[in-house]
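Report on the structure given below.
The values are calculated or read from the model by the stated rules, or taken from the named source; none is laboratory data. Just so it is clear, the model here is predicted, and its values are computed rather than measured. Every residue, glycine among them, receives a Cβ derived from its backbone with ideal geometry; neighbour counts consider all protein chains shown. When the accessible area is computed, the model is the full protein with side chains, heavy atoms only, and any ligands, DNA or RNA have been set aside. Shrake-Rupley method; radii C 1.70, N 1.55, O 1.52, S 1.80 Å.
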Amino acid sequence: IIDACESGTFLDDLYAPAEYADKRLVIGSTSPGENAYFVVEGSVSFSNYFWTNIFNGESVGTSFSVAREALAQTYEYQNPLLEGNGNNVANETADFTAANVTYLGNGTDQFNSAPVIAAVSPNQTIDGTSAAMLFAEGVTDADGIARVWGVIRPPDFTPASAGNPITGLPAVDLAPVGGDRFEGTYTSFTTAGTYTILMYALDSIGNISVPKVTSVTV
């Protein structure tokens, strides 16, 4: 399991030979030519999603799928790869069949589910101002909510050349206002175009929700 820029390039060298095809899983958090993202001190990353689910007793396949889905909603430039049947072709049904019955540790269900965000502020357009109010509501978790925030991808964002991990994107914290609702105002919508905002919630034991997406167009 490799979480690094262009880690998908290792699959060619690490997949199992045919006689051991069902004995080895190989995971790269990125496809060839892609950067790895470790945003908000690494909390929004393939590793955080993947290992949180592993520690909560999920299979390798389920943990990979959750991380892959979360990244797909966050970074269109990062596409994880899973190879599990020895043919060096990633993300096939047979790869997931093998990974779904593979556990790291004893697979004990810890019942530590991630927070849920029911809804976020709708897509909006602003003109003559650089500020917009954002909200998330119906934010719940049995362990309590420790933080709610938005990660902001500006319209002029382009990833660095492959090999340089992405560690910084703008973010805004949302404060509780009652009734499981959190609000915050971001004041740096200064470039014409559409900003994509990914809303996250963190519970008190470190689980992070799958993001909810909204946008602000300047």
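Worth a mention:
- The packing ranking of peptides 59-66, 84-91, highest mean first, is 59-66, 84-91, where packing means the average number of other beta carbon atoms within 10 angstrom of each residue.
- Mean residue ellipticity at 222 nm, helices only, the chain: -4500 deg cm²/dmol; runs of at least 4 DSSP H residues each add -39,500 (n - 2.57), and the sum is divided by the number of residues.
- For the chain, excluding the exposed loop sites themselves (GluC sites (Glu not before Pro), DSSP loop, at most 16 other Cβ atoms within 10 Å), the longest remaining stretch covers 93-218.
- At the residue level, L202 shows approximately 40 square angstrom of accessible surface with a 1.4 angstrom probe and all protein chains present.
- Within the accessible area of the chain (1.4 Å probe), percent carbon and sulfur: 50 percent
- Accessible area, probe 1.4 Å, largest first, for residues D3, D156, D13, D95: D13, D156, D3, D95
- Accessible surface ranking that places the most exposed of R24, R181, R153 first, with a 1.4 angstrom probe: R24, R181, R153
- In the full protein context, the chain carries 46 Å² of accessible surface per residue, based on a 1.4 Å probe and ignoring ligands, DNA and RNA.
- Mean separation of Cα pairs under 8 Å and 6 or more residues apart, divided by the residue count, gives the chain a relative contact order of 22 percent.
- Surrounding net charge for D13, when Lys and Arg each add one and Asp and Glu each subtract one, Cβ distance under 14 Å: -2
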